1. Which ones in segment 69-109 are touching a residue at least 40 places away in the same chain (Cβ under 8 Å) and in a loop (DSSP other than H, G, I, E, B)?
2. Mind listing whichever residues of segment 197-220 are within 14 Å of residue 152 (Cβ to Cβ) and not aromatic (Phe, Trp, Tyr)?
3. Considering only helices (runs of 4 or more DSSP H) fully contained in segment 128-228, which possess at least 1 residues that are touching a Lys or Arg at 6+ places or on another chain (Cβ under 7 Å)?
4. Among the listed residues 165, 133, identify the single one that is without any contact (Cβ under 8 Å) to a residue 12 or more places away in the chain, within 30 Å of residue 77 (Cα to Cα) and touching a strand residue (DSSP E or B) at 6+ places or on another chain (Cβ under 8 Å).
5. Given the structure, is residue 46 among the hydrophobic types (A, V, I, L, M, F, W, C) and either under 16 Å from the mean Cα position of the chain (by Cα) or modelled with pLDDT under 85 (or both)?
6. Starting from residues that are touching a Ser or Thr at 6+ places or on another chain (Cβ under 8 Å) and hydrophobic (A, V, I, L, M, F, W, C), keep the ones in segment 176-195 and report whichever is nearest to residue 152 (Cα to Cα).
7. Return yes or no: is residue 207 within 22 Å of residue 108 (Cα to Cα), charged (D, E, K, R) and under 34 Å from the mean Cα position of the chain (by Cα)?
8. Can you tell me which residue is surrounded by the fewest Cβ atoms within 10 Å (Cβ to Cβ) among those in segment 142-166 that are modelled with pLDDT under 90 and not aliphatic (A, V, I, L, M)?
Amino acid sequence: MTLQFILALCALFFASVSGFTTVLPGRSGAGIATITNSNTQLAEVISPFGPGDNSNDATTIKEKPPLEGPLELTWENVDAVLDEMRQFLIDDGGNVAIVEIDGPVVRLELQGACGSCPSSTQTMKMGLERGLREKIPEIQEVIQAMPEGPPLDEEQVDVVLAGVRPFLTVAGGSIDIDRIEGEGGLQPTIWLNMGGSSASLNSVKLEIAQRLQRHFMMPGLRIEWMPN
């Protein structure tokens, strides 16, 4: 290949190309920088990584806007309002479900840890009922529905106490039922008599009270202690 032939090829190449373009990555999401010679017109280069191109972005999860009342009293609307409060119950190991809507009265069931919590009545009245009535003014009352539990009598109370007596006996303590008051009322009360060194431990009393409340699944049930 002669030098003249090489020069002829070069001349043909540069005659068909008016200039050259070098493309380098840009900085800080500014797209792609373009460098040209003086004979080349700047061409717009759009970077797939530049702003404004969201085709490859992950799907953005948008929070639902809060419901605005007043809403009609329907099963769907009650459940939608409960959804706005449900996460607080789930964080505490519980949940809530609609059992019945009877006219202006809504019956709810607190589930999980919330169902046997000593503060279940306050949760129902001060939390759920208040939130529902703010969005659905037709609601006149929200009441707690409880699963059918055993009858509240001394025999059933002793079933629970029998499970804790061995631990109290080891520590030199004892526990017995004194009486039951208010059966069938809004706030039935179990009076217990605890003796020995465990009688002064509030943590032991709290554990026994929670076992009784889980056993009977009765809203408003109170556990009181006889003075030593």
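The values are calculated or read from the model by the stated rules, or taken from the named source; none is laboratory data. Since the structure is predicted, the reported quantities are computational estimates derived from the model, not experimental observations. As a convention, Cβ positions derive from the backbone with ideal geometry for all residues, glycine included, and neighbour counts pool all protein chains shown.
1. 69, 70, 71, 72, 73
2. Within segment 197-220, 212, 213, 214, 215, 217, 218, 219, 220 qualify.
3. Once the helices (runs of 4 or more DSSP H) in segment 128-228 are filtered for at least 1 residues that are touching a Lys or Arg at 6+ places or on another chain (Cβ under 7 Å), what remains is 154-170.
4. Going through 165, 133 in turn, just one is without any contact (Cβ under 8 Å) to a residue 12 or more places away in the chain, within 30 Å of residue 77 (Cα to Cα) and touching a strand residue (DSSP E or B) at 6+ places or on another chain (Cβ under 8 Å): 133.
5. Yes; evaluated as a whole, the condition is true for this residue.
6. Here the residue is 180.
7. Numbers: within 22 Å of residue 108 (Cα to Cα): no; charged (D, E, K, R): yes; under 34 Å from the mean Cα position of the chain (by Cα): yes.
For residue 207, the condition - within 22 Å of residue 108 (Cα to Cα), charged (D, E, K, R) and under 34 Å from the mean Cα position of the chain (by Cα) - is not met.
8. Filtering first and then ranking leaves 148.
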